[in-house]
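Here the structure is laid out as structure tokens; the discussion comes afterwards.
A short reminder: the numbers here are calculations on the coordinates, not readings from a lab. Note that the coordinates shown come from a computational prediction; the quantities given were computed from them, not determined experimentally. We place every Cβ from the backbone using ideal geometry, glycine too, and count neighbours over all the protein chains shown.
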Amino acid sequence: MATAFIPTPQSRPWAPFRTLADFEYTETAVKGLLSEDLVNRQLVGFNEAWSIGGSRLTIHNYKDMQKSLAVARGFGIQVGVLLPFLHGMLIRSLALVQAGQSISNLPW
């Protein structure tokens, strides 16, 4: 009898954020369209005044959060790079079709 495949999660699926708490806070701040001032106020509260026993957040201000977001953006497909490539493929394919050539065997 075959054993069922059970996927195992990565050790840090929230990377490049340092902690899950950093990712969850940043996600909430971005989705909530929080201002820089509000993010800074909340992080001071979470990391200092409001937290009993310490916070799991390692980001301390808006600038820290933006640094993590900049690294995270590098993990995705950059539209500015992808769109010119796709546009070029489309133009080449259309030129071949207009010339009466087949495009069924093209590598893309």
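Scattering from the C-alpha atoms of segment 20-76 alone, worked out with Debye: what is log10 I(q)/I(0) at q = 0.19 1/Å? Taking Cα atoms of segment 20-76 as identical point scatterers yields -0.63. Restriction of the chymotrypsin sites (Phe, Trp or Tyr not before Pro) in segment 14-57 to DSSP coil positions whose beta-carbon has at most 15 other beta-carbons within 10 angstrom yields W50.
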